[in-house]
Each structure stands twice: as structure tokens, then as C-alpha cells.
1. With respect to residue 15, is the statement that it is at pLDDT below 95 and either farther than 30 Å from residue 378 by Cβ or part of a strand (DSSP E or B) (or both) true?
2. Only one of (1) touching a strand residue (DSSP E or B) at 6+ places or on another chain (Cβ under 6 Å); (2) outside any strand (DSSP E or B); (3) within 23 Å of residue 225 (Cα to Cα); (4) not hydroxyl-bearing (Ser, Thr, Tyr) is not met by residue 140, so which one is it?
3. Please list, ordered by first then second residue, the pairs with beta carbon atoms under 7 Å, 6 or more apart or interchain, first in region 47-62 and surrounded by 24 or more Cβ atoms within 10 Å (Cβ to Cβ) and of a type in the set (Ser, Thr, Tyr), second at pLDDT 95 or above and part of a loop (DSSP other than H, G, I, E, B).
4. Restricting attention to region 27-82, report how many residues are more than 23 Å from the chain's Cα centre (by Cα), assigned to a loop (DSSP other than H, G, I, E, B) and either among the small types (Gly, Ala, Ser) or under 21 Å from residue 300 (Cβ atoms) (or both).
5. Kindly check whether there is at least one residue in region 212-231 that is within 27 Å of residue 60 (Cβ to Cβ) and without any contact (Cβ under 8 Å) to a residue 60 or more places away in the chain.
6. How many of the residues in region 275-332 are more than 20 Å from residue 239 (Cα to Cα) and outside the structural domain of residue 242 (by TED's automatic domain parsing)?
7. Does residue 257 count as at pLDDT 95 or above, within 17 Å of the chain's Cα centre (by Cα) and outside the structural domain of residue 375 (by TED's automatic domain parsing)?
8. Might you let me know whether region 150-162 holds any residue that is modelled with pLDDT of 95 or more, in a loop (DSSP other than H, G, I, E, B), over 30 Å from residue 301 (Cα atoms) and more than 21 Å from the chain's Cα centre (by Cα)?
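The values are calculated or read from the model by the stated rules, or taken from the named source; none is laboratory data. Note that the structure is a prediction, hence the values are computed from the model and not measured. Neighbour counts run over all protein chains shown; Cβ positions are idealised from the backbone, glycine included.
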Amino acid sequence: MSSLTETGAPPEGAAAGEVPILGTYKRAPMELVRGAGVELFDDTGKSYLDLGSGIAVNALGYGDAGVKRVIADALETGLIHVSNLYRSEPGEELASALVARSFADKVFFCNSGAEANEGAFKFARRWGRNVGSDAKTGIVALRGSFHGRLFASLAATDRPSYRAPFRPLAGGISICERDLHVLDLALDSDTVAAVIVEPVQGEGGVRVLETAFLAELRRLTAERGIALIFDEIQCGLGRLGTLFAYESFGVVPDMVTIAKPLAGGLPMGAILVSAEIGATMKPGDHGTTFGGGPLVSSVALEVLRRVSDESLLRSVRENGAWFGEALRGIAKRTGKVRAIRGMGYMWGLDIVEKASDVIERGWDAGVLILSAGEHTLRLLPPLVMNREQLARGVALLEQALG
């Protein structure tokens, strides 16, 4: 049945002025029409300093000359899409660049972070059956995790309110406490194929997992023949001041999932896979229509080149440390911040009032802030934001806190 009348009018019963987009997001009232540098502008001309980066996507800010050039050059070829039935240079070059810069031996491209995690679960189960038995299929996630909203990734996400309306979810996936003693009991070598971990839990409150915890988890999983997956969808690709988050902790996993900033705002995800796991995947085991297409891969190559640059990574580390101290200054001056967590350009502030109230006051002040729970603010500035701009963000945040 068509949703439009012959005149193109909205379907009968639609409210006047109602936007016919499914209401899965509670959107801010302003309409964003333009971006430049680290600012966004609405249809009235008002500017907003962006401390959210489109939820950690716009690492290079807005209107980046390099990204614009690459898109224009890619369009000149006429190849936006060719499907994975055929070879194309940009995707192959991107895969080689990711392998050269990481532990991985193989790469699988997809369209989003949730798809990357779903694919990683499949790869883990394929590998688990290969090295163990048909019983070695379990996936273990951690308390506070967020891995996506599809059936398997949602089953690994510790948000009961997200999960409850959509049960039954994918089976064989459990959530375990962030406790090594509990994990020691839960990680059975015969039945568990993989553990998935965010080195810094984003949606779960910007919780930085301890290096010692991750190192011991790596030891346990390696000893028991269990794959360790790092979900770096939000915390990877430069956000912590290293190209990959695992480098900040000195712990090397078996798979890494990445997405958000990878293609500069175009939809793209990827799974980086060790040689051992990659060797178990055969033609037909997994697929994607759009993943790794020429256009998105061309842009991703430019983004990867830029976020791999040591001068940028050093500025994220140094400015990120300054940013953390400035946020602690806000806590002392206002008395409205209970805790601060983070590193690099990824910070969370537990506050005494509802995060949504501060976010709305931020709109009035001209700053965009995210939440990570009812009482937690989340700050994910573009990686190109300099210290002067960060200082402006601190002042606007303090104004929004009141």
C-alpha cells in the first residue's frame, strides 16, 4: 500500500506538520543546516560548538578540505558502488592500510558498528567450532556494555530497557560482572567462544577499564582458547590518543570492531581479525552488499591517514589531559559534578541533576553535549578541536551546568 496520495500529500491521519520519520529518537528542536570546523549552525544562523562529534563520528569536524577533495575525486570515477562480487582498489588499499597499522591479518567491511559486532560474533562462533566443538559458541559481554541494537548485539548490551521490548534476543550470549573472579568462573573453555569488551565503555557512562583488568582478561582468554574482541566503535581511531584503543592499554585482542569516524560520516564499519580466526572463514560464510564500496573506502583512507598522524594523536593526548583537568575545575567550582572519568577526547561527568536538563541549557548557550545515562554527560569533541576551542567548550559547559 502506498504511503502517498496521488498528489504526494501525507497519508490520511498524519498530523499537520508531522515529520514522517519513525520516532525512535527524541530529537532536539533546532534544524542543523551547515557545519564549519568544530561548529554547527541552525536554520536561524545560531552557532553551536560541537562537543559530541555526531556521537564520535565527525573526528575531523565539518567541511574538512581533505574529505571534500576525496569525495569529489571518487565521484569522478563514477564508481559509488560495485558490490563485493568484483574487486575495486579503494577497499583493497584500505584493508592493507588497516592491517599495516594493527595486529590484524584480515579485514571485513560492513556498514555500521552494530553490524561489525554481529559479524564478529559469527566469526567467533565459526572459529570456536573449528578449534573446539559445536558446544563452543558462547559470547560473554561485560556489565555496563553497549554493543548495538540488533538481535545479537542487543543481547550483549547491558541496557534492560533497550532489551525488554524485543525479547527473545539471540541466544548463547550472556552479560558478566566486571570482576575477574566472576569471569574466571564464567569463561569455560569448552563452551565460550569469545568475550567482547569496550576498553572504554561509552554508553555505559564513559568507564575506563583498568589496564591490569584487561591484561588479566587477555591472559585468561588466551590460556583457555577464547577469542578476545575489543569493541572500539566509539573509543577507537584516535579518540584516546592512540590510533587503536588497545594500544593505549598495551593489550592485543583477537578481533577489533570499528565504525563511527571511519568514513568521515559516511556509513562504514569494519572487523579487524587475527590470522587464526580469519583462516576459518570461507566464501559464503558472511556477506554485505555495500560494505567496503569505492566511495566510502576512499573517504576512509583519508580519515585513516589523518587520524594515524602522530602529531594529531599527540595533541589528543596532551589536550585531552588538559581537558580532564579543566573539567575537574568545573567540578570544584560548581559542586554539581559527582565524578569525572575519561581519557583523550572521551569524557564522562556524573552530575547531580538530569543530564537532559543540562543538555537543553547547552542548546541555549550554544554548545552540543551528549548523555551516557540519566545523570551522566558525555563529551566527545572532534579530534581536530584545539585547546582554545576546548577552553571555550569548558566555559559553555559550566554555563549550562548553571
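1. So residue 15 fits the description; yes.
2. (2)
3. What qualifies is 53/59; 53/380; 53/381; 53/382.
4. So the count comes out to 7.
5. Looking for residues that are within 27 Å of residue 60 (Cβ to Cβ) and without any contact (Cβ under 8 Å) to a residue 60 or more places away in the chain, one finds at least one in region 212-231, hence yes.
6. 4
7. The answer is yes for residue 257.
8. no
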